[in-house]
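Scroll down for the structure; my scribbles are underneath it.
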Amino acid sequence: NTTIDILGLSLCDEEIDLWWILNYRKKILQRIKNNTINYYDIPVDCIEDNSVKAKRTAKQKILESFGINVVQIEKAKKYNSDFYSLCLKKIKEEIKNIY
């Protein structure tokens, strides 16, 4: 069983290599069932700019269509050191539950 956690990446259009590998992973998942990717993000409702909110929502839906778990860190209002601390805390809790 393999879990990959992604945090702090905007996954914008310039990061096409990451989008490609995520899409490729979705295609091979039919053969490999023991792989999980979690993408940590701030909640969309924390974003005030409607165009940014729409883009973020669309990105999260695309990631979900690739079979990626989008984990929204509820206490995080923006990307800062607090966001990363909350992500690491959540990842540690998940690891503790697995083992």
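So, of the residues in the range 78-99 that are over 25 Å from ASP13 (Cβ atoms) and among the basic types (Lys, Arg), which turns out to be surrounded by the most Cβ atoms within 10 Å (Cβ to Cβ)?
Checked the range 78-99; the qualifying residue surrounded by the most Cβ atoms within 10 Å (Cβ to Cβ) is LYS90.
Give all pairs with beta carbons closer than 8 Å in which a residue from the range 9-21 that is surrounded by 11 or more Cβ atoms within 10 Å (Cβ to Cβ) meets a residue that is of a type in the set (D, E, K, R) and in a helix (DSSP H, G or I); count only pairs at least 6 apart in sequence or on separate chains.
If the second residue must be of a type in the set (D, E, K, R) and in a helix (DSSP H, G or I), the pairs left are LEU11/LYS59.
For the range 22-56, what are the residues that are surrounded by 13 or more Cβ atoms within 10 Å (Cβ to Cβ), free of Cβ contacts under 8 Å to residues at least 24 places away in the same chain and assigned to a helix (DSSP H, G or I)?
Selection gives LYS53, LYS55, ARG56.
Please state which of the following conditions SER51 fails to meet, knowing it meets all the rest: (1) hydroxyl-bearing (Ser, Thr, Tyr); (2) under 14 Å from the mean Cα position of the chain (by Cα); (3) at pLDDT 80 or above.
The number of the failed condition is (2).
Looking at GLN72, GLN60, which one is surrounded by 13 or more Cβ atoms within 10 Å (Cβ to Cβ), within 18 Å of ILE4 (Cβ to Cβ), in contact with a Pro (Cβ under 8 Å, 6 or more places away or on another chain) and of a type outside the set (A, V, I, L, M, F, W, C)?
Going through GLN72, GLN60 in turn, just one is surrounded by 13 or more Cβ atoms within 10 Å (Cβ to Cβ), within 18 Å of ILE4 (Cβ to Cβ), in contact with a Pro (Cβ under 8 Å, 6 or more places away or on another chain) and of a type outside the set (A, V, I, L, M, F, W, C): GLN72.
For the range 84-96, indicate whether the set of residues that are at pLDDT below 85 and of a type in the set (A, V, I, L, M, F, W, C) is non-empty.
Checked the range 84-96: at least one residue is at pLDDT below 85 and of a type in the set (A, V, I, L, M, F, W, C).
The values are calculated or read from the model by the stated rules, or taken from the named source; none is laboratory data. What you see is a predicted model, and the numbers here were worked out from it, not measured in a lab. Here Cβ is always computed from backbone atoms with ideal geometry, including for glycine, and neighbour counts include all displayed protein chains.
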